[in-house]
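Below is one structure, written out as structure tokens, with a few remarks after it.
The values are calculated or read from the model by the stated rules, or taken from the named source; none is laboratory data. Small disclaimer: the values here were computed from a predicted structure and weren't measured. Note: ideal-geometry Cβ built from the backbone for every residue, glycine included; neighbour counts use all protein chains shown. Heads up: the accessible areas ignore ligands, DNA and RNA and are worked out on the full protein's heavy atoms, side chains in. Shrake-Rupley method; radii C 1.70, N 1.55, O 1.52, S 1.80 Å.
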Amino acid sequence: MPSSSDIRPTRLEYIRTKRRIVIAKKGLKLLKLKRQALILEFFNTSKTAAAMRENLQKELIKGYEAIRMAEILAGSIRLENESMKLPMMGKLNVKSKSIMGVHIPRLEGGQNKVYEEYLLELPTSINEAISSFNKIHKIVLEVAEKETALRKLLYEIERTKRKSNAIENVFIPRLMNAVKFITFRLDEIERDTFIMLKTVKRKMGEREMQELREVEPEINV
């Protein structure tokens, strides 16, 4: 924002500044609405993430219990041998979705593809352990997605707050001060112009009276 010495005290500049104030106030309103929507989305996502973390803990307990049962029923050597035969995790695809202009990552894939024929050859206890940890892996990805979304939403909430504060507490007040300065200078110019016109009119009147006095003796003669 320019200093007072850089502001042109003209009617056009006054109109432009008033228009900028209107636009700034509309932008401020939109930013506040966006921040409210982001906060609502943050709390909804936070609740979902908390429920997922709780579910993850439960599934982990089930998963480790399944591993323990598989070790008891099938033996630790068989369990270790079968774990070495499992395929590597599939490729994890990272996509994104937009929430109020915030790009949130979406994680897809990452599961290991275990053929049904292979699963049929395994003891039920090992099969259940594999199934349990596949489910855990899926939940871990979902929790990671939500946690990342929370961080991005929180960053955007703070960023929006800073922008709205800057507009509300700095930008708009400066524009308002500019309007006051322009109004003051225009009033000054108008007063100076009025005084100047009045002075000119008075001098013209005095000159006319002087000319009239000079003409009167000639008329009397």
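If we keep just the residues of the range 72-106 that are farther than 30 Å from S125 by Cα and outside any strand (DSSP E or B), which is modelled with the lowest pLDDT? Taking the candidates together, the pick is M100. Of all the criteria given as (1) closer than 15 Å to K146 by Cβ; (2) over 21 Å from the mean Cα position of the chain (by Cα); (3) not small (G, A, S), the one not satisfied by E13 is (1).
Taking each residue of the range 75-94 that is closer than 16 Å to L141 by Cα and looking for partners that are modelled with pLDDT under 70 and open to solvent by 70 Å² or more (accessible area, probe 1.4 Å) with beta-carbon atoms closer than 9 Å, six or more apart or interchain, yields G90/K113. Among residues of the range 59-74 that are touching a residue at least 40 places away in the same chain (Cβ under 8 Å) and farther than 14 Å from H137 by Cα, those with a Cβ under 7 angstrom from a residue that is open to solvent by less than 100 Å² (accessible area, probe 1.4 Å) and polar (S, T, N, Q), sequence gap 6+ or separate chain, pair up as A66/S132; M69/S125; A70/S125; L73/S125; A74/S125. If only residues of the range 120-142 that are open to solvent by 40 Å² or more (accessible area, probe 1.4 Å) and over 42 Å from the mean Cα position of the chain (by Cα) are counted, the one that is modelled with the lowest pLDDT is L120. Only one of the numbered conditions (1) part of a helix (DSSP H, G or I); (2) at pLDDT below 85; (3) β-branched (V, I, T) is not met by I23, and that is (2). When you look at K62, is it surrounded by 14 or more Cβ atoms within 10 Å (Cβ to Cβ), touching a Gly at 6+ places or on another chain (Cβ under 9 Å) and not acidic (D, E), yes or no? For K62, the condition - surrounded by 14 or more Cβ atoms within 10 Å (Cβ to Cβ), touching a Gly at 6+ places or on another chain (Cβ under 9 Å) and not acidic (D, E) - is not met. The condition of being modelled with pLDDT of 75 or more and in a helix (DSSP H, G or I) holds for R185. When the range 9-51 is filtered for residues that are farther than 30 Å from Y155 by Cβ, touching a residue at least 40 places away in the same chain (Cβ under 8 Å) and open to solvent by 100 Å² or more (accessible area, probe 1.4 Å), only R11 remains. Among the residues of the range 169-210, those identified as of a type in the set (F, W, Y) and open to solvent by less than 100 Å² (accessible area, probe 1.4 Å) are F171, F181.
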